[in-house]
Structures are given as C-alpha cells and as structure tokens.
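The values are calculated or read from the model by the stated rules, or taken from the named source; none is laboratory data. Only a predicted model underlies this, so the values are computations on that prediction, with no experimental measurement involved. Don't worry about glycine lacking a Cβ; one is built from the backbone with ideal geometry, like all the others, and counts go over all protein chains shown. We work out accessible area using only protein heavy atoms, side chains counted, and drop any ligands, DNA or RNA first. Shrake-Rupley method; radii C 1.70, N 1.55, O 1.52, S 1.80 Å.
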Amino acid sequence: MNSLLVPRPVSAGVFLSYKCSGECRHCMYACSPAWGADWIPERDLEKILIQLSDTILPNPLGSDRVGINYGLHFTGGEPFLNFDLLLKAVEMAHGFEIPSIFVETNSFWCINDEGTREKLLQLRNSGLDGILVSVNPFILEQVPFERTERAVRISREVFGENLIVYQDVFYHQFKDFDLRGRLSFEEYLQRVGVGGLRFVELIPMGRAVYALEFLYRKFPAEHFFGESCGDSLTREWHVHVDNYGNYLTGYCGGLSLGDAGDLDSICGGITLEDYPILEALVTDLEKLYVLGVEDFGYTERGEGYISKCHLCLDIRKHIAQQTGEFKELSPREFYFRLE
Ligand code: SF4
Ligand code: SF4
C-alpha cells in the first residue's frame, strides 16, 4: 500500500493543550499538570476551525443539539485551565457556523455555584451549545465529587438536554455512595469489586496500558501479529486536532497523520513511504515489532501486553524516546508522559 486515503472528518475535538489539572490513569492522551502550557495559538485555531467548518456535521436532531460523536468539541487536557482561550475558541467556532459545539471538562474548576454558573452562561452566550461532564472512577481520584455534582446540576440548568454526563452510570453510583471528596481507585475497587468495572468504557490504550494493566490478562507480542489499523487510522468520526496541529484519529495518542492546518493534503492521501510507522501499522503490527527490534533494539516485555494498542504503544514509546526522526510520532512529549 503506497497511499493511505483519509476521509474528511465529520466530527472532531480540538485540544486547547495537553495540560490538565489531573493525571488520570485511563487518559488516552497522557495529559497531566506536567505538560507545558503550550496553548493552541489563536491564528492556528482559526485556520483549523475554518477548515473544519466545511466538513463537520451536526447532530441529526439539530445543529444546536450535541452528541459525543457529532459536531465539534473543545477538549485537552482540561480546557477550563485557560477559560479566556476557551471562550475565544467558542466564539470563533460559532462565528464559522460550526454545528453542535460542546466542551468536555473534568469539573475541577467548579468550586462554587456562582463562579460555575457565570462561566457556563458566558460560554452559552458566546455560542456554546452544550457540555460533557466526565464522571468515572479515575476522574474521582482527581476531582472531589461535589465539584462534579455542581457541574452537572448547573450545566443542566444552563444547557438543559445538551448536558452529556459521561458516564451517567457512575454519576448515579457515586450519588448512591453519598460521596464527598476524592476516592482512590483502590478504595473504589474495594467497594464495588472488579465486577463493578463492567460499566467502564475503558479503552486499553494510552496511559491505561501501563497504569491499569493489572486489571487485564496479558499475551505475548505474537498474539497480536496479523492485526492492522487501517480502519482506526482512517476513521472520520471523533478525530482530534491537538494544540500543535497534529491530526489524530482512532484515539491513537502520539500518532499524527499530519498538519491539520492543511487538511486538504491529509485527505488527499498520505504517502506512506514518508511515514514508516504508519505504513507498518496499516500493514501488520508484526512489521512495527520487527522495525522496533531490528532498528531500535526493542525487547519484548516478559509480562506481555494487554491489547494490540499496548504492543503498538510500547514499541512507539521505545522508538520515540530515542529519536525524533519519525514525524508521525508526534507530539514526542506524549511518549515521556505515559508513566
Ligand atoms: S482523562 Fe481528562 S481529566 Fe483525566 S488526565 Fe486526561 S484530559 Fe485530564
Ligand atoms: S494498535 Fe496503535 S494504531 Fe492501532 S488502534 Fe491501537 S494505538 Fe492505534
């Protein structure tokens, strides 16, 4: 295969930065407070939003309705760490008539009713259609539950049915627990048992493959040979553009298809010869493994891998920590923030 055909995105998230107030064990993009405050420059944001405005589709229920895999969302990292930029981004997106705009938050900033309401009203008045409040046992380790409760209550007041509580099941479970403050994941497991995790939509990629590997059965590298990722890498829904302009698909953190400021070039087809790691991934994971072992001295983990993404990421991390020669392994910092 010489060229990878990438369809135009129909729904997307834009990272304001990788910086976050927390450092969740399940974070697919390895966000944390340790990342630099490399906020997306406004001129880059504008360029990206103009291009997305031609291609993003609304929620089928209406362009003022939101849904996880519809429209445009602002994310990161935690977008409320830079509220002024978030406000500006919403104004821009609304000005370009992008439909179904929402923001995703961990609610860390919801420390009182008045401040929370004020920020949400400002955003709504600037053109934000809705909000996604993240609720799960990993966020609960980072953010006191009363802040999450406040975010949900006031977001419902401001955005009505355009509030997404993701995942609702945990919100109700934590309410039933009558929780206050944070709860460690170990304490959570003691309460619900491992069976309680069946509701978690936990994708075994990103930081989770290291921080949560104890939850999974492991397999040798060979178990994943023969698998490839063309479908994930060419997925047109819920793609992400990060603050460095990287075009990221399939939730595959640290794997850039190119400069999202030039979407025409990406969607015109990627010449795989220029991207050896991508070329290996759309062919066979074994090819990436061989590249890692033969050219970069990668050694297989004796304890095995929980998923194909674990194998892929472990090899990519090994390579990216040695060299910046592969432009698809971007941003490189991602590979130093996983563990
Ligand atoms: S999952 Fe969300 S809240 Fe947690 S570290 Fe990642 S970006 Fe931050
Ligand atoms: S194996 Fe790698 S390229 Fe494939 S879906 Fe997982 S992280 Fe993405």
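Shown for the chain: the carbon plus sulfur share of the solvent-accessible area, taken with all protein chains present and a 1.4 angstrom probe, equals 46%. Across region 171-273, Cα pairs under 8 Å and at least six residues apart give a relative contact order of 13 percent. From most to least packed by mean Cβ count within 10 Å, the peptides 212-225, 80-93 give 80-93, 212-225.
Looking at the chain, send over the antiparallel percent of its DSSP beta bridges, to the nearest 5.
25 percent
Taking the Cα centre of region 112-165 as origin and assigning +1 to Lys and Arg Cβ atoms and -1 to Asp and Glu Cβ atoms, the resulting dipole is close to 60 debye.
For the residue pairs 19/175; 47/119; 287/317, the C-alpha atoms sit more than 20 angstrom apart in 19/175; 47/119. Beyond 24 Å, the tail of the calculated P(r) for region 4-136 holds 27 percent of the Cα pairs. Over the chain, accessible surface divided per residue gives 41 Å², non-protein components excluded, 1.4 Å probe.
Placing +1 on each Lys and Arg Cβ and -1 on each Asp and Glu Cβ, with no other charges, gives region 120-222 a dipole about its Cα centre of roughly 120 debye.
With a Cα-only, solvent-free Debye model of the chain, what are the log10 I(q)/I(0) values at q = 0.07, 0.11, 0.15 Å⁻¹? Once normalised to I(0) and log-transformed, intensities are -0.29, -0.73, -1.31.
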